[in-house]
1. Quick one: angle between helix 198-207 and the longest Cα principal axis of the chain, in degrees between 0 and 90, rounded to 10, please.
2. Can you compute the charge dipole magnitude of the chain about its Cα centre, using +1 on each Lys and Arg Cβ and -1 on each Asp and Glu Cβ, nothing else charged? Give it in debye, rounded to the nearest 20.
3. If you work out P(r) over Cα pairs in 20 Å bins from 0, in percent from the coordinates, which of (1) 33, 48, 18, 1; (2) 37, 60, 3; (3) 26, 41, 16, 10, 5, 2, 0 do you get?
4. Looking at the P(r) of segment 215-305, how many percent of alpha-carbon pairs lie beyond 15 Å?
5. For M184, what is the net charge nearby, where nearby means another residue's Cβ is under 12 Å from its Cβ and Lys, Arg count +1, Asp, Glu -1?
6. Output ³J(HN,Hα) for segment 11-21: one whole-Hz value per residue in order, computed from phi by the Karplus curve 6.51 cos²θ - 1.76 cosθ + 1.60 with θ = phi - 60°, and x for Gly and Pro.
7. With a ≥ b ≥ c the root eigenvalues of the C-alpha gyration tensor of segment 1-116, is it rounded (a/c under 1.5), prolate (a/b larger than b/c) or oblate?
8. Please report the spacing between the Cα centers of segment 2-36 and segment 125-145 in Å, no decimals.
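Bear in mind these aren't lab numbers, they're just calculated from the coordinates by the rules spelled out. Here the structure is a predicted model, which is why all the values come from computation and not from measurement. Here the Cβ positions follow ideal geometry from the backbone for every residue, glycine too, while neighbour counts run over all protein chains shown.
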Amino acid sequence: MGAQLRVYKRRIQAVTATKKITKAMEMIAASRIVKAQRKVAASMPYATELTRAVTAVATGSSAKHPLTTEAEAPTRAAVLLVTSDRGLAGGYSSNAIKAAERLRERLAGEGKEVDTYIVGRKGVAYYGFRERKVEEFWTGFTDNPAYSDAKRIAAPLIEAIQKETAEGGVDELHIVFTEFVSMMTQNAVDDRMLPLSLDEVAEESTRKGEILPLFEFEPSAEDVLDALLPRYVESRIYNALLQAAASEHAARRRAMKSATDNAGDLIKSLSRLANAARQAEITQEISEIVGGASALADATAGSDK
């Protein structure tokens, strides 16, 4: 019994130490969510106004541009997948990877080849383990992205959309990331960045009661779109990175809270088992003492006769 009691005590100590770690990680993630939410909110006005400006330029001109012009027979698409660098965030990365797999299957069903770009070590490890080709990848900043990171990611994607498909270019740009809805809800979504769907933007503006502004193009609509293209892609990627970071922190907080609660339940269960083992040990010791005293008394009575 003594050995069993020592085992229970060691397990309680180990689980208690783990509980302290998960609780600390939960508190750290909770503190980072607020900062990430603020960054998301701060990036939204710029991204929204930039999209409206691009839409106004595109609808006000007949210029053909990769930003707004659909290819007649698209054959190649680029997919940017945003995952996390670290684990302990529940199904955050796996949900994004599943969404990317569904998008890949859909594009393949449409007869399009897919070039994959990845953000985050989890996505890189997933594709590396399966020996799948990845055009480029970026790691080390998923929990706190900066605009400079978005610019580095956008550069090869912009270069690919500007090339002809025969030269290794693509007709479409897609991004898969985790959209931050609330502290309890984060959804893995896929969104087509380019070409921009002007009809969808116009419908959204009409639904919100907004009127697209009128612009005069100087020197030309083509030059304006050339200047807006990198800004638009960078802003979309930056906003997606920020939403993904907020979602990662929220998912990690939820996972660590669940781990902390489970550790508490396990400690209670082990404590009950340890108490039962201690009681059994005490009962056994009492029984041995009583038995020994009885045997001694019988021996003494026998010698007196």
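1. Roughly 70 degrees, rounded to the nearest 10.
2. Around 2120 debye, computed over the chain.
3. (3)
4. Tail fraction, whole percent: 81.
5. Counting the neighbours of M184, the net charge comes to +3.
6. Per residue, the Karplus-derived 3J(HN,Hα) values read 5, 4, 5, 5, 5, 4, 5, 5, 4, 4, 5 Hz.
7. Oblate.
8. Taking the Cα centre of segment 125-145 as reference, the centre of segment 2-36 is 30 Å away.
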